[in-house]
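Participant: I'd like to ask some things about the structure below.
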Amino acid sequence: TAPKPLAGQRVLVTAGGTVERIDPVRYITNDSSGKMGFAIAEAARDRGAEVTLVCGRTETTAPNGIRVVKAESAAEMHEAVMERLAATDIVFKAAAVADYRPLHRATQKMKKTTDQLSLELVRNPDILQAIGEWKETNGGKPFVVGFAAETTDVEKHALDKLNRKKCDLIVANNVAEAGAGFGSETNIVSVYGQGGLVEHVPQMTKRAVAERLLDIVQADVKGTVKR
Ligand code: C5P
C-alpha cells in the first residue's frame, strides 16, 4: 500500500470562482476552473488527509472521497472557511474570490429601462487575510498556503501578498504565460515563503504541481506533519 504521509491531517481546500449575484438570473464571476484546487484536494486525499473542499463555481464536478461544501459568494465562502478553521491543520486557498460584489441584489429580474446603468459594487471580505489574522490569536495554526495570479512583477506581488495576508507560503503563477493559469490542464508556478523563493515548479500537470506543493508543505511543517 502507498505511504500516507498526511494521515490524520485535516486539509481544507478552496477552489473555483465565487459568484456574486446581481438579480435572480445575473451574476459576476471569473474564469477560474477549479482544477488546481481539485488537484490539490485529490493529491491530499491520496496521501491520507481528511479533506474538505469549499467550492465556488467550477467547470467540472468535485473529486470522490472528499467532503464538498458549496459556497457560492465570497461572503458564503468566508463563513464556510472561518467556521472550519479550528478543525483544520492546513489550508490551501486556491479559490478565485471576487474582490467586489453588487451593493444591492435585486429580488426581481432587472428591466432595461435606461440607456446607461451603473452597478454599484462594494468590497468583499478578504478570506485569506482573515485567516492570517485568526492564526495570530490561535497559536499560529493552521498552516496557510495562498495563491497569487499575476501578469507582471510576479515575485514582488507574491511576496507583498505573503506578508500582508500572513501566509506561510504563496504559490504564484503568471497567468499571462502559455500553459499556466485559468482553465489550463497544466501550470507553471513559483512558491515563496518568508525567506523568499522556495521553488520554481516548471510546466507540468496540475496534479503534478499539487504533489510538489504537498512535498513542500510537508517539509515546511515538519514536526506537526508526519513525513
Ligand atoms: O489579492 P489576491 O486576490 O490576488 O490574492 C489571491 C489570494 O487571496 C488567493 O489565495 C485567494 O483565494 C485569496 N483571496 C481571498 N479573499 C479575497 C480575495 C483573495 O481569500 N477576497
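Participant: Would you calculate, for the chain, the mean residue ellipticity at 222 nm contributed by helices, counting each DSSP H stretch of 4 or more residues as -39,500 (n - 2.57) and dividing by all residues, to the nearest 500?
Facilitator: -7500 deg cm²/dmol
Participant: Right, something else. I'd like the accessible area for residue 88, computed on protein heavy atoms only with a 1.4 Å probe and all protein chains in place. Round to 10 Å², please.
Facilitator: The accessible area of residue 88 comes to roughly 10 Å².
Participant: Then there's this: From the protein chains alone at 1.4 Å, what is the descending order of accessible area for 77, 82, largest first?
Facilitator: Ranking 77, 82 by accessible area, largest first, yields 82, 77.
Participant: Report, in degrees rounded to the nearest 10, the 0 to 90 angle that the Cα long axis of helix 127-136 makes with the longest principal axis of the chain.
Facilitator: Helix 127-136 sits roughly 50 degrees off the main axis of the chain.
Participant: State, as an integer percentage, the relative contact order of the chain based on alpha-carbon contacts under 8 Å between residues 6 or more apart.
Facilitator: In percent, rounded to a whole number, it is 19.
Participant: Between residue 117 and residue 203, what is the spin-label point distance in nm, taking each point 7 Å from the Cα along the Cα→C-beta axis?
Facilitator: For the pair residue 117/residue 203, the computed spacing is 4.1 nm.
Participant: Ok, one more. Please state the relative contact order of the range 1-107 as a whole percent: Cα pairs under 8 Å, 6+ residues apart?
Facilitator: Relative contact order for the range 1-107 comes out at 39 percent.
Participant: At 1.4 Å probe size, with every protein chain present, just tell me what the per residue accessible area of the chain comes to in Å². Don't jump to the answer; show the numbers that get you there.
Facilitator: Details: 11540 Å² over 227 residues.
Roughly 51 Å² per residue, with all protein chains present.
Participant: While we're here: Among 85, 119, 53, which one moves the most in a GNM of the chain with springs linking Cα atoms closer than 10 Å?
Facilitator: 119
Participant: Here is a further query. In percent, what relative contact order does the range 54-138 have, based on Cα pairs under 8 Å that are 6 or more apart in sequence?
Facilitator: Dividing the mean separation by the residue count of the range 54-138 yields 30 percent.
The values are calculated or read from the model by the stated rules, or taken from the named source; none is laboratory data. All of these numbers come straight from a predicted model, not from anything done at the bench. When we count neighbours, we look across all protein chains shown, and the Cβ atoms used for this are built from the backbone with ideal geometry, even at glycine. Note: areas computed on protein heavy atoms with side chains; ligands, DNA, RNA excluded. Shrake-Rupley method; radii C 1.70, N 1.55, O 1.52, S 1.80 Å.
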